[in-house]
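The values are calculated or read from the model by the stated rules, or taken from the named source; none is laboratory data. Everything quoted here is computed from the prediction, not taken from an experiment. Note that we place each Cβ from the backbone using ideal geometry, even for glycine, and neighbour counts take in every protein chain shown. SASA here: full protein model, heavy atoms, side chains in, ligands and nucleic acids out. Shrake-Rupley method; radii C 1.70, N 1.55, O 1.52, S 1.80 Å.
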Amino acid sequence: MIPIYEYGQVPNSEIFARDNISSNVEGAVTEILAQVAARGDEALREYTLRFDKADLTDLEVTEAEIDEAFAAVEPEFVEILRQAAANIRTFHEKQRRNSFVVADQPGVVLGQKIVPIQKVGLYVPGGTAAYPSTVLMDSIPAKIAGCPQLVMVTPPGADGKVNPVILAAAKIAGVDRIFKVGGAQAVAGLAFGTETLPKVDKIVGPGNAYVAEAKKQVFGRVAIDMIAGPSEILVVADGSCNAKVVAADMLSQAEHDKMASAVLVTDSGELAKAVQAELERQIPLLPRSEIARASIDHNGKIIVAETLDLAIDIANEIAPEHLELCVDAPFDYLDRVRCAGSIFLGKNCPEALGDYFAGPNHTLPTSGTAKFSSALSVDDFVVKSQFTYYTADALAKVGEQVAYFARKEGLDAHANSVTVRLEEKKQ
C-alpha cells in the first residue's frame with residue numbers, strides 16, 4: 001500500500017528519496033560494444049539471433065516491408081497517428097531558431113549560424129511492446145530541424161519482422177532508413193558504423209538498462225539525448241479533486257515499470273486517504289497489475305502539505321518528469337513551477353494526452369534532472385556555429401586591448417597573433 005506522509009513530520013531525505021538501483025549491466029554492454037566495433041554486421045546478426053531469436057540475412061527494412069506493414073494497420077489507427085503527428089509538428093515548428101547577424105560596429109560582423117545535425121540515430125523499443133508514439137516524438141523534431149538522414153533501429157520479433165505500427169509511424173514521421181536490430185548492439189552499430197548501419201552523429205530514444213548503459217558508454221564518440229531513468233508522475237491536487245481520477249493518473253505511470261514512481265502532493269488529508277483507498281481498488285483491475293503494484297508499493301508516495309504553495313515547492317524539489325496541477329486555477333500556479341519535464345494544467349488534462357497526442361514532446365528528463373535539462377526539442381537536432389569578421393581598421397581599434405588581456409593570462413602567442421597584424425598595418 002502506498003504510504004502517506006505528513007510533510008515536516010518525517011525527514012526530507014525520506015520524502016525526496018528516489019530508488020536508484022544499479023542495473024549491473026556495464027560489463028556485458030562493454031563486451032557487446034567491443035564485438036560490434038570489431039566485427040560489424042556479423043556481431044549484429046549474432047546478437048539479434050541470441051536476444052531476439054531472429055535469424056536475419058538482411059538487417060535493413062525494405063520499402064516493400066514498410067508498405068506491407070502500413071497496409072496491415074487498422075485505418076482508424078493510421079488516422080490517429082496522422083492526427084498526433086500533425087499536433088506534434090505544429091508544436092515543434094514553433095521551436096525553430098533562426099541564424100542571426102550582428103553588424104552594429106563599423107568593420108565588425110558577428111553572428112550565429114544554425115545547421116541540422118547530419119546523421120541522427122533513433123532507438124525505438126520493440127519486441128512484445130510497441131511504442132509508435134516514440135517514433136513520432138523523436139523523429140518529427142529531427143525532420144523539422146532539417147536533419148538529412150534519420151536512421152531508426154528497433155528489435156524485430158522472432159519472425160524477423162518489425163511491429164507494423166512502428167513501421168507505420170516511421171513512414172508518417174518521415175524516417176529515412178530502418179534497421180532490424182535492438183539492444184546495446186544497435187547503439188554500438190549507430191555509434192561505430194558497420195558494413196550496413198551508417199555511423200551517426202547523435203543517438204536519441206529510450207530503451208532498457210542495456211540501451212541506457214550503451215548510450216552512456218558511447219557518449220563522446222557520438223552525442224546522446226539523455227540517460228532516461230524510470231517513468232515518473234507527480235500530481236499536485238487540491239481537496240476538490242476526484243480521488244478516482246487522481247489514482248488513475250498515478251497508475252498511468254506506475255504501469256510502465258516496477259521502478260516507476262507515482263507521487264501525490266495534496267493539501268487535503270481526506271483526499272490523501274481517498275486516493276490511497278482508490279489505488280487499492282484500481283490496481284487489481286489492471287492487466288499490468290503486478291508491475292503497478294510493485295511501483296506503487298516501493299516507489300509511490302502521498303505527501304500532505306499545509307498549502308498548495310508548499311505543494312508546489314515540494315514538486316520543485318522533486319523535479320518530476322511529469323507534473324499534473326490538478327487544481328481549480330492551474331494558471332495561478334504555473335509561474336511558481338521551476339522544475340518539471342512537462343506540466344499538465346487543470347483537472348481535465350491527464351498525462352496520457354502528452355504521451356500520445358497533444359503535441360509537446362514526451363521524451364523528458366527523469367530522476368530529478370528536470371532541474372537542469374529539458375524535454376527533447378528541435379534544439380536537440382541542430383548545431384550552432386558562431387562566426388566573427390573584423391576589418392583591419394576594426395582590429396586596430398581593439399587590438400591592444402585584446403593583446404593586453406592575453407598577456408594577463410600568460411598566453412603571449414595569443415597576444416602576438418594580434419600585435420603582428422597591428423605592426424603589419426602600420427608599415
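Data table
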item	result
Inter-label distance for TYR5 and ASN348, nm, one decimal - labels placed 7 Å from Cα along Cα-to-Cβ	3.4
Length-normalised contact order for the range 336-427 - Cα pairs under 8 Å, 6+ apart - percent	18
Share of carbon and sulfur in the accessible heavy-atom surface of the range 351-427 [1.4 Å probe, %]	55
Rg and Dmax of the range 276-377, Cα atoms only, in Å	14.6, 38
Residue among GLU46, GLU63, GLU324 with the largest mean-square fluctuation in a Gaussian network model of the chain, springs linking Cα atoms under 10 Å	GLU63
With every protein chain in place, the range 16-56: carbon and sulfur % of accessible area (1.4 Å)	48
Accessible carbon and sulfur surface of the range 161-264 relative to its total accessible area, %, 1.4 Å	51
Accessible solvent surface per residue of the chain, calculated while the other protein chains remain in place, 1.4 angstrom probe, Å²	48
Net charge contributed by nearby residues that have their C-beta within less than 14 Å of ALA394 (K/R +1, D/E -1)	0
Taking all pairs of distinct alpha-carbon atoms in the range 139-270, Kirkwood radius in angstrom	17.3
With eigenvalues of the C-alpha gyration tensor scaled by 5 and rooted, the range 34-155, Å	37, 24, 11
Gain in span if fully extended, ASP379 to LYS408, counting 0.36 nm per residue against the direct Cα distance	6.8 nm
Lys, Arg +1 and Asp, Glu -1 on Cβ, resulting dipole of the chain about Cα centre, debye, nearest 20	1360
Nearest-ten-degree value, helix 392-408 long axis tilted from longest Cα axis of the chain	70
Relative contact order (%) - criterion: Cα under 8 Å, at least six apart; region: the chain	20
Cα Rg, Dmax, the chain, angstrom units	25.7, 89
Angle between the chain longest axis and helix 183-192 axis [Cα atoms, degrees, rounded to 10]	10
Segment LYS426-ALA294, length gained on full extension (0.36 nm per residue, minus Cα span)	39.8 nm
Tilt relative to the chain, helix 412-426 - C-alpha long axis, 0 to 90 degrees, to 10	40
Electrostatic dipole magnitude of the range 166-320 [Cβ: Lys, Arg +1; Asp, Glu -1; Cα centre; debye, to 20]	980
Relative packing of 285-292, 167-174, which averages over residues the other C-beta atoms within 10 Å, highest first	167-174, 285-292
Among GLY189, LEU422, VAL109 the positive-end extreme of the charge dipole of the chain (Cβ point charges)	LEU422
Candidate lysines for bridging to LYS244, where Cα separation is under 28 Å - those fewer than 8 sequence places away on the same chain excluded	LYS258, LYS273, LYS301, LYS347
The chain: antiparallel DSSP beta bridges as a percent of all, rounded to 5	25
Zone residues, the range 292-315, relative to ARG338, backbone N less than 20 Å from point 7 Å out along Cα-to-Cβ	305-315
Förster radius 22 Å - calculated FRET efficiency between ARG96 and PHE219, Cβ distance, rounded to 0.05	0.25
